[in-house]
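The values are calculated or read from the model by the stated rules, or taken from the named source; none is laboratory data. Keep in mind it's a predicted model, so treat the numbers as computed, not measured. Ideal geometry is used to build each Cβ from the backbone, glycine not excepted, and the neighbour counts take in all protein chains shown.
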Amino acid sequence: MRNQSADLMIALRNLTRNRRRSLTALAIIAIGVVSMVLAEGFIQWIFWAMREGTIKFQSGHIQVVRPDYFTKGVANPLAYLLPAGSAEVKTLESTPGVKLVASRLKVTGLVSHGETTLAFLAEGVDPAKEAELSKGGLAIVEGNNLSGDDASEVIMGRGLARNLGVSPGDTVTLLATTSGGGINAIETKVAGIFTSTNQAYDNAALRLPLSQAQSLLRVNGVHTWLVLLEETEQTDHFLNQFRDRFPEKKYHLEFVPWYARADFYNKTVALFTQQINVLRLIIGLIIVLSISNMLIMNIMERTGEIGTLLAIGLKRKKILQMFATEGVLLGLAGSAAGIAMGYALAEMISSIGIPMPPPPGMERGYTGEIRVTAGLLVSAFLIAFATTLLAGLFPAWKASRQQIVNALRHNI
């Protein structure tokens, strides 16, 4: 222990010989870590926002449907209905860790107002549960949200309302094909107009209370039960638990996790992850080249000293260890400083917010943040430390392999 402490003190004193050069090296490492924390933290926030938006607005954490609904149900969706208020729903909702279970019924048809008739895509929903499920994904920009399950009203996407020429308070007629193959229509009032994260969806979508949707289609069931959990990270745990509790052959239920239907999210994560890996590589190369150059300059200035140490019997292994220790100290100090600075900057930026313009396919912008996790901080620290350690190996090896005679000539 005494020898190790002495080695650390010697390495620290050697680094302070040229303080400007050592501080420059520390700054390079710290800036690299800060860049990784901020860049990757912003990307992680995008992943988180997209994930939560997909879960709360589209699919919940787990979708419960009839087997083959997603593959064969497009042709005849009304043949794959679930019972609206079954015992299975109550069992799912009473499970510890489950926040709620919401039912949805998909409806397609025509909506008319005056002389204008357009096609629509609708969802029959439970207004009370959707207030929690769609929080953050759907924003009412005019009027009000659905007031209750018995209300004869709808809310429309902004694009559909604009094309139809309606505003809150207007009356529209919905026309759809019933389960028996006939035509049914209902008159209802426009309660509000909404925008979502998808402009194409807003151009064709509306929502109505579940009872009104069932009345329009003349059915008693629903297409999906959306299970919203307390924690997204527990999705696979509950998925396996539900599949074991409700075997498909016995209950005719299929449990589908949110990520299985989130194709756009999965492709976005794959693309951005590749970009982050490229950023890590670039920062790592900058650190390696900068630290290697600094340590090589130190070795050139101390060539005579190295020759003297070798001449008095110090082993080459000890010389290697001495210069490698300097690299370790630089890596630890620079990485720790970068983590502290990166975390502080991330918190400050997140408190202010990053105003972002509307991306393609969206009508409204958003305010971004930096999402810092323990895994992100550990990853940034290890990458910076490992690259600094790697950068110090070649100069340390080069110092230990010097010829004694040639090294001693630098003392003359």
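Across the range 265-277, which residue is farthest from Leu376 (Cα to Cα) among those that are surrounded by 11 or more Cβ atoms within 10 Å (Cβ to Cβ) and of a type outside the set (S, T, N, Q)?
Taking the candidates together, the pick is Tyr265.
State all residues of the range 116-133 that are in contact with a helix residue (DSSP H, G or I) (Cβ under 8 Å, 6 or more places away or on another chain) and crowded, with 21+ Cβ neighbours inside 10 Å; if no residue qualifies, say none.
Residues satisfying the conditions are Phe120, Ala122, Gly124, Val125, Asp126, Leu133.
Scan the range 165-185 residue by residue and report those that are closer than 20 Å to Tyr201 by Cα, free of Cβ contacts under 8 Å to residues at least 60 places away in the same chain and assigned to a strand (DSSP E or B).
Scanning the range 165-185 gives no hits.
Answer with yes or no whether Gly53 is out of contact with any Lys or Arg (no Cβ under 6 Å at 6 or more places or on another chain), on the phi > 0 side of the Ramachandran plot, modelled with pLDDT under 90 and not aliphatic (A, V, I, L, M).
no
Would it be correct to say that Val107 is at pLDDT 90 or above, in contact with a strand residue (DSSP E or B) (Cβ under 7 Å, 6 or more places away or on another chain) and either surrounded by fewer than 14 Cβ atoms within 10 Å (Cβ to Cβ) or not polar (S, T, N, Q) (or both)?
So Val107 fits the description; yes.
Filter the range 314-361 for residues that are among the basic types (Lys, Arg) and surrounded by 12 or more Cβ atoms within 10 Å (Cβ to Cβ) and give the result.
Arg316, Lys318
Quick check: is even one residue across the range 187-201 without any contact (Cβ under 8 Å) to a residue 60 or more places away in the chain, over 30 Å from Lys90 (Cα atoms), assigned by TED's automatic domain parsing to the domain that holds Thr108 and surrounded by fewer than 16 Cβ atoms within 10 Å (Cβ to Cβ)?
yes
Identify the single condition in (1) more than 38 Å from the chain's Cα centre (by Cα); (2) polar (S, T, N, Q); (3) at pLDDT 80 or above that Ser350 does not satisfy, given that it satisfies every other one.
It fails just one condition, (1).
Would you check if there is a residue in the range 160-171 being touching an Asp or Glu at 6+ places or on another chain (Cβ under 8 Å), under 30 Å from Glu231 (Cβ atoms) and either of a type in the set (A, V, I, L, M, F, W, C) or not assigned by TED's automatic domain parsing to the domain that holds Tyr201 (or both)?
Within the range 160-171, none of the residues are touching an Asp or Glu at 6+ places or on another chain (Cβ under 8 Å), under 30 Å from Glu231 (Cβ atoms) and either of a type in the set (A, V, I, L, M, F, W, C) or not assigned by TED's automatic domain parsing to the domain that holds Tyr201 (or both).
Here is a list: Phe323, Phe381. Which entry is of a type in the set (Phe, Trp, Tyr), outside the structural domain of Gln199 (by TED's automatic domain parsing) and at pLDDT 90 or above?
The unique qualifying residue is Phe381.
Yes/no per residue for (1) under 30 Å from Asn14 (Cα atoms); (2) in contact (Cβ under 8 Å) with a residue 40 or more places away in the chain:
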site	(1), (2)
Asp236	no, no
Asp244	no, no
Leu253	no, yes
Trp258	no, yes
Ala262	no, yes
Thr268	no, yes
Leu289	yes, yes
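Report whether or not Gly60 is on the phi > 0 side of the Ramachandran plot and touching a residue at least 60 places away in the same chain (Cβ under 8 Å). Spell out how you get there, then give the answer.
Values: on the phi > 0 side of the Ramachandran plot: yes; touching a residue at least 60 places away in the same chain (Cβ under 8 Å): yes.
Judged against the criteria, Gly60 is a match.
From Leu226, Leu216, grab the single residue that is assigned by TED's automatic domain parsing to the domain that holds Thr197, outside any helix (DSSP H, G or I) and among the aliphatic types (A, V, I, L, M).
Leu226
Within the range 6-23, which residues are at pLDDT 70 or above and either among the basic types (Lys, Arg) or more than 11 Å from Leu329 (Cβ to Cβ) (or both)?
Arg13, Arg17, Asn18, Arg19, Arg20, Arg21, Leu23
List pairs: first in the range 367-393 and on the phi > 0 side of the Ramachandran plot, second part of a helix (DSSP H, G or I) and surrounded by fewer than 21 Cβ atoms within 10 Å (Cβ to Cβ), Cβ under 6 Å, 6+ apart or cross-chain?
Correct list of pairs: empty, since none qualify.
Hand me the list of strands (runs of 3 or more DSSP E) wholly inside the range 64-164 holding 3 or more residues that are of a type in the set (D, E, K, R) and under 29 Å from the mean Cα position of the chain (by Cα). It would help to see each step written out before you state the result.
Working: elements: 98-113, 116-125, 139-143, 153-157.
Correct list: 98-113.
Right, Met294: modelled with pLDDT under 85, assigned by TED's automatic domain parsing to the domain that holds Met36, part of a helix (DSSP H, G or I) and farther than 15 Å from Leu390 by Cβ or not? Full working, then the answer.
On the way: modelled with pLDDT under 85: yes; assigned by TED's automatic domain parsing to the domain that holds Met36: yes; part of a helix (DSSP H, G or I): yes; farther than 15 Å from Leu390 by Cβ: no.
For Met294, the condition - modelled with pLDDT under 85, assigned by TED's automatic domain parsing to the domain that holds Met36, part of a helix (DSSP H, G or I) and farther than 15 Å from Leu390 by Cβ - is not met.
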